[in-house]
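Presented below is the structure to which this report refers.
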Amino acid sequence: MMRLDVGIGEWQVSNRPEDELKTYALGSCVAVLAYDPKNRVAGLIHVALPDSKVNQDKALKLPGYFADTGLPVLFEEMQKKGAAKKNIKVKLTGGSSIMDQNRHFDIGRRNTIAIKRYLWKNGYGVVKEDTGGNSSRTVSFKVGDGTILVSNAGKSWEI
Amino acid sequence: MVEINEHKARQALIKASKDTLGEMAFLDVMELEEAADFKVGQQLFIEFSHPIRGRMLLSFPLEIKQAIVENIHATDWESLSFDEIDDCLLELLNILAGNFLRELHEESVKVQLSFPRVLFSLDEIGDIENFYVYYFDAEGSPFSVSLSLKEEE
């Protein structure tokens, strides 16, 4: 098995059943986990902010950092590796309200909304979501069967 | 009967507005502490009679109207008919009012709402001095929700 680690603003796509995609410490960031079960193509992106307008230079260097620039790249890459758009199912996790309990500048919530808006407008369905709360999550994603395991503080659960 | 006060109503409205516009129209909404000026581009109105009696007036500028409609329909503004635009805005108010009442009372409460309608003038509803006006921001654009509540007799 090869483990492909995904840092903040990065993404990985694989069509090798033995691979596992993994990202760590999702605070207010959101992991978008996309899977084509028929062709067994998996993609994971670790999105930090909703909109690239705040820093277009950064968006050019690291498009995955923002929802609006990262998601198109993720889906394009998945299709290049054999995924069919009509088969792709999406799950979300992360988006915690860690920095601001008053939710005045709740980046986690804003990330989740921006991601859902993009997905809805582009015809991708979110089949499961484990977002919000105030804990940091680590997530692993098996390419072979699409199993997604979320963990935090010694506990883990499947989404 | 649940006692209603201004604080409880405000909290319920904030939660309902964030949830409704976030989940339905994919807009990030924050409450504003102070009144905000904006040019009203659309006003929608609904009444409710259970579990409390009251009225709700949703007012927003043209840019929010356009964002709501485009997000819900997942298409460009220009491609939509007047009916498609009005229908989704009215449905949004319908859900907002229902969410507000459930937030104010309890999730399972049965609510009774009138048909929501588009207002062309505030003269159509009258008695507007009895409304509490709450201001919000939707991704940089202000809007307001006005409420007038009376417990069911």
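The values are calculated or read from the model by the stated rules, or taken from the named source; none is laboratory data. Every value quoted in this text rests on a predicted model; they were computed, and no experiment measured them. Virtual Cβ from ideal backbone geometry, glycine too; neighbours counted across all protein chains shown.
Details
- Condition met for B:Met30 (more than 13 Å from the chain's Cα centre (by Cα) and under 12 Å from A:Ile113 (Cβ atoms)): yes
- Of the residues making up region B:48-75, those that are charged (D, E, K, R) and out of contact with any helix residue (DSSP H, G or I) (no Cβ under 9 Å at 6 or more places or on another chain) are B:Arg53, B:Glu63.
- Test: B:Gly54 is at pLDDT below 95, more than 20 Å from B:Phe26 (Cα to Cα) and either within 11 Å of the chain's Cα centre (by Cα) or in a strand (DSSP E or B) (or both): yes
- Region A:127-143 residues that are on the phi > 0 side of the Ramachandran plot, paired with ones that are polar (S, T, N, Q) and crowded, with 18+ Cβ neighbours inside 10 Å (beta carbon under 7 Å, 6 or more apart): A:Gly132/A:Ser96; A:Gly132/A:Ser97; A:Gly133/A:Ser96
Table: residues versus (1) closer than 29 Å to B:Val69 by Cα; (2) of a type in the set (Gly, Ala, Ser); (3) in a helix (DSSP H, G or I).
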residue	(1), (2), (3)
A:Lys116	yes, no, yes
A:Asp130	yes, no, no
A:Val139	no, no, no
A:Gly146	no, yes, no
A:Ser151	no, yes, no
A:Ser156	no, yes, no
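- Scanning region A:79-100 for residues that are within 24 Å of A:Val150 (Cα to Cα) and more than 13 Å from the chain's Cα centre (by Cα) returns A:Ala83, A:Asn87, A:Ile88, A:Ser96, A:Ser97, A:Ile98, A:Met99, A:Asp100.
- When residues in region B:26-63 are screened for being within 14 Å of chain A (Cβ to nearest Cβ) and surrounded by 15 or more Cβ atoms within 10 Å (Cβ to Cβ), 6 of them pass.
- For region A:1-32, filtered to residues that are surrounded by 20 or more Cβ atoms within 10 Å (Cβ to Cβ) and polar (S, T, N, Q), the residue that is farthest from A:Lys116 (Cα to Cα) is A:Ser14.
- Screening the candidates A:Gly82, A:Gly123 for the property of being surrounded by fewer than 17 Cβ atoms within 10 Å (Cβ to Cβ), within 11 Å of chain B (Cβ to nearest Cβ) and farther than 16 Å from A:Ala31 by Cα yields one hit, A:Gly123.
- Among the conditions (1) assigned to a strand (DSSP E or B); (2) away from chain B (no Cβ under 14 Å); (3) surrounded by 14 or more Cβ atoms within 10 Å (Cβ to Cβ), A:Gly70 misses just one, which is (1).
- Of the set (1) touching a helix residue (DSSP H, G or I) at 6+ places or on another chain (Cβ under 6 Å); (2) under 21 Å from A:Lys116 (Cα atoms), all apply to B:Tyr134 but (2).
- If you go through region A:34-67 and keep only what is more than 14 Å from chain B (Cβ to nearest Cβ) and either assigned to a loop (DSSP other than H, G, I, E, B) or among the hydroxyl-bearing types (Ser, Thr, Tyr) (or both), you end up with A:Tyr35, A:Pro37, A:Lys38, A:Asn39, A:Arg40, A:Ala48, A:Ser52, A:Asn55, A:Leu62, A:Tyr65.
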